[in-house]
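Take a look at the structure set out below.
The values are calculated or read from the model by the stated rules, or taken from the named source; none is laboratory data. Just so we're clear, the structure is a prediction, and the values are computed from it rather than from any experiment. Note: ideal-geometry Cβ built from the backbone for every residue, glycine included; neighbour counts use all protein chains shown. Protein only, heavy atoms only, side chains kept; ligands, DNA and RNA dropped before computing areas. Shrake-Rupley method; radii C 1.70, N 1.55, O 1.52, S 1.80 Å.
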Amino acid sequence: MLLFLFGACTVFQPLDGTWLFRIDPDSTQSGDCASDDSAGDQVESIGTSDIWVDIYTVSGGEIAIIWDPPLLGTLTGSAVEASYETGYTYKKRSETHTTTFEATLSGGSMEGTLSSTYAESNDGDKYTCTTKNELTATRAVSSPDSFAGN
Amino acid sequence: MSALLLTLLACNPYEGTWMLYAEVTKAPDPSEEGLDMVFTADLVAMSDGSYTADFTSFRLTGTIEGDEVNMEYVEGYTYSAPDCDEMTSSATYSLDGTISPTEGFDGTLKVVSLQERKACGGSDSDSSTTEYSMTGVKLSANDDAHAGAQSGGQAMGQPREVD
């Protein structure tokens, strides 16, 4: 019985752990804020913005990606989807901010996008802007216990 | 017993917090040569067999094969204007050397800054190289022995953006 309980506590969850997100700093914009890339000056980044991100499986089988704010979602097959939405409605005005992570999991790696959508509606006038960044992610296999200060 | 053996086999001898001593051996401004500094970096093993050396403000990724370390980090941008003007600015950090859990790390960090400009009328470029002689030792991570002390770096696993 004890052995069964111990085994149940150590079920491998493919997303659980610390991941290195390597984000392409060059974002694409769509919606009302989309720019015309065919004209004007252009700046293209070299390299990636790298950030450590913890991912947990939470009760109920959902996943939590510790972003700012934390993203809640699912792993279905190899498809990872997680999002967070916040906003308000006051009389005829509303605003929403949505952060969405979508990726394909392959072993200890992921490839996908991180997007942020701002939508505003004010007495019938609407405005939407989506900013999207491509990223790859690799899971760390080191134990946090190996690091001083943890 | 077998679980203990598996745990020991799984242990990566390189992963952990390293204290690194760096001395400038080559710099655009010769007066900087000979300067030394000490800092910590977390060496993290990744699932694809690569390693990430986290220097807090930047992260090098690469390989450790045998005892040979080869890691790199690149940052920069390319600016281009419709009138065929183009400017590239980049910095490449390369860490090479040998590593051993008992002997420590011995190698070189090379930082190459490059500025290139291409215009309709011609082009020019400028680059500078700073080299650091690096030695390092791995810290014991028995944090239970320390009264709340923190290392110079930040804990792994906390979202931190590269500057």
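Let me spell it out: the conditions are (1) in a strand (DSSP E or B); (2) within 13 Å of chain A (Cβ to nearest Cβ); (3) open to solvent by less than 40 Å² (accessible area, probe 1.4 Å), and B:Tyr14 meets all of them except one. Which number is the exception?
Unmet condition: (1).
Restrict the check to the stretch B:64-85 and report whether at least one residue is among the β-branched types (Val, Ile, Thr), surrounded by 15 or more Cβ atoms within 10 Å (Cβ to Cβ) and within 18 Å of A:Phe147 (Cα to Cα).
Checking the stretch B:64-85: not a single residue is among the β-branched types (Val, Ile, Thr), surrounded by 15 or more Cβ atoms within 10 Å (Cβ to Cβ) and within 18 Å of A:Phe147 (Cα to Cα).
What do you reckon, is A:Trp67 crowded, with 16+ Cβ neighbours inside 10 Å and not in a strand (DSSP E or B)?
Numbers: crowded, with 16+ Cβ neighbours inside 10 Å: yes; not in a strand (DSSP E or B): yes.
Here the answer is yes, as A:Trp67 does meet what is asked.
Restricting to the stretch A:99-112, name every residue that is open to solvent by less than 20 Å² (accessible area, probe 1.4 Å) and in a strand (DSSP E or B).
The initial filter retains those residues of the stretch A:99-112 that are open to solvent by less than 20 Å² (accessible area, probe 1.4 Å), namely A:101, A:103, A:108, A:110, A:112.
Hits for the stretch A:99-112 are A:Phe101, A:Ala103, A:Met110, A:Gly112.
Name the residues in the stretch B:56-96 that are at the interface with chain A (Cβ under 7 Å from one of its Cβ atoms) and not in a strand (DSSP E or B), would you?
B:Ala81, B:Pro82
Can you find, within the stretch A:31-64, the residue that is least open to solvent (accessible area, probe 1.4 Å) among those that are at negative phi and among the small types (Gly, Ala, Ser)? Before the answer, list the steps.
Let us first name the residues in the stretch A:31-64 that are at negative phi, namely A:32-39, A:41-46, A:48-59, A:62-64.
Right, trim to among the small types (Gly, Ala, Ser) and you get A:34-35, A:38-39, A:45, A:49, A:59, A:64.
Values: A:Ala34: 54, A:Ser35: 78, A:Ser38: 102, A:Ala39: 60, A:Ser45: 37, A:Ser49: 39, A:Ser59: 115, A:Ala64: 12 Å².
Across the stretch A:31-64, the extreme among qualifying residues is A:Ala64.
Within the stretch A:9-24, count every residue that is open to solvent by less than 50 Å² (accessible area, probe 1.4 Å) and assigned to a loop (DSSP other than H, G, I, E, B). It would help to see each step written out before you state the result.
As a first pass, look at the stretch A:9-24 and keep what is open to solvent by less than 50 Å² (accessible area, probe 1.4 Å): A:14-15, A:17-21, A:23.
Those still in the list that are assigned to a loop (DSSP other than H, G, I, E, B) too: A:14-15.
Within the stretch A:9-24, residues that are open to solvent by less than 50 Å² (accessible area, probe 1.4 Å) and assigned to a loop (DSSP other than H, G, I, E, B) number 2.
Within the stretch B:24-55, which residues are at negative phi, within 14 Å of another protein chain (Cβ to nearest Cβ) and part of a loop (DSSP other than H, G, I, E, B)?
Within the stretch B:24-55, B:Ser47, B:Asp48, B:Ser50, B:Phe55 qualify.
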